[in-house]
Structures are given as structure tokens and as C-alpha cells.
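These notes concern the structure reproduced below.
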């Protein structure tokens, strides 16, 4: 037999079930993730504070499930109070709606107008500049002497005569003698002896650039040579755990590490690092993981 719930008893049934199970309002609010104010409103049938009837029925269903109650009679009672949510339709007049195309067209017209204004300003500026250059240009240009004519019939000056007539009037008995060049000018034109190229000894240059390493090693210590074919970070500790070498070595470098054995090597780029110990290269492949090598030398 189905239980019939009156409209005004929804909140009372929920409250009595909560009190029977010895739950406080705060306990229910914490479990349902609601506020204490919302729980009190449900227990007093104050559903108007929630606004939506569908939202209220969801809260009632979760509250009844928490209290192990049959939620359907409670929901049916609430449907009699609020059958469905009321939605208010909003009507808009079509003459007040501006389409996207109209807005885009207006924006294009505005951009076009701005472009025309800028172009007009540029044309006016160019015109004013050209007019200013024309006003500042000289009005009277000098006439070449060859084309000047006398207006009163007098003979033209010597500078106005043609070049051939000026040459004819020169006395042929005059002979131009070039001045002798000074001794300093002759000496300055003599070719300088070529500088002799300096021949460098490559062996001597290499000896200057590479520091001299002594073959002697202190008693109780060993020496390991590092040859770098790629940049690599290397750290070395001696028998006492002291770091005797730690640096980022560059490509082509040769480093020497000395210390009390055993020496523990931590090499960041094993593929670009070669170790030479007692005159023999050391194979790092067996002690390499992800191109990082850890190896101990001189322990035997």
C-alpha cells in the first residue's frame, strides 16, 4: 500500500526521520553539500527560496535517499504543489535586432572611410612638398660663355671665343717644359720590398697551447686521462669521498684527474667521454644507463 503524503507534511516527514536517526541539521547539510539554511527550508516546506521546482525535487530525493526513505511519495506531493517550472518567454522586436552582416558591413565602411582620409592627407602632403621645392628653385640660370652674344656689336671677350680660336692666338714659340720631379717624389714611387711571411712551427705552437703534464704521480695516487669528443659534466670523488674533479668539459678537451684510489666517476655524457687508465682506454658501456656512466677505477 502506497503511502500518501500531504503537501504540508513533506518537510515534517524529513525532519522526523532525521531526528529518529539522531542526525543534526549540520550533519545532513555536510553530507548533501547544502547549507544549513537550505536544509531548514526543506524541513519547513519553504520551497520558494530555491526558485526552481526541478531543483527542489532533486534536493528532496537526495534527502530521502540519505534517510533511507521512499522518495516517490514525497516527490508526488511536491508535484501537486509545483507541477512544472515556469519559464518566461522574452520577445524581441525585429527592428531592434542588428544582424552580424550589417555590423560587419558598417565596420567595413568605417575602415574604408578612414583609409580614404589617410590617403587624401598623404596626397596633400606630397603636393605641398613639390610646390615648396618649385618655389625655392633658382629662377635665373647662368648662360654658358660660349653662347653669350654682345648686344652692341662689340667683340666678345677672350673667354667667350671658341676653343680653336683661343688656341690660334697663343704664340707658337712658347714651349712648355715640365718641371723636374723632386727626389722625394721619386723615392715615394719606388716599390717597397714585400714583407717576408712568418713561418710558424705547428709543433711549437701546440706545445705553447697545451700545458705540460708531468708523468710523475705522487705516491699512493693514480692518474686518469679524460678525452672529450662532446660536452660532458664529470664529477670524481677519491677514496675519502672528497670531490677532486667537478666541471663541465667542452668538446676536444683533455683533462687529467689525480687522487687516492679508488676514484669514483660520475659522467653525464658517456658517449662523448673516453677514460684512459694505465695507458688503456676504459669501456664505459657496461656501467652506462641513459648515457650516464658510474664507474670506479683503481680499487684493485
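Pairs of Cα atoms nearer than 8 Å and 6+ residues apart set the relative contact order; for the range 219-297 it is 34 percent.
Fewest neighbouring Cβ atoms within 10 Å first, the residues 266, 132 line up as 132, 266.
What's the exposure ranking of 36, 282, going from fewest to most Cβ atoms within 10 Å?
Details: 36 13, 282 17.
If I rank by nearby Cβ atoms, fewest first, I get 36, 282.
Tell me, in nm to one decimal, what length is gained between residue 230 and residue 248 on full extension, where the rule is 0.36 nm per residue of separation less the Cα-Cα distance?
5.4 nm
Each of 264, 107, 239 was scored by other Cβ atoms within 10 Å of its Cβ. Listed from fewest to most, they are 107, 239, 264. Convex hull of alpha carbon positions in the range 219-297: directionally averaged projected area 4.7 nm².
Counting 0.36 nm for each residue step from residue 44 to residue 217 and taking away their Cα separation leaves a gain of 52.8 nm.
Readers should treat all values here as calculations from the given coordinates under stated rules, not as data from a laboratory. Everything quoted here is computed from the prediction, not taken from an experiment. FYI the Cβ positions are ideal-geometry reconstructions off the backbone, even for glycines, and counts take in every protein chain you see.
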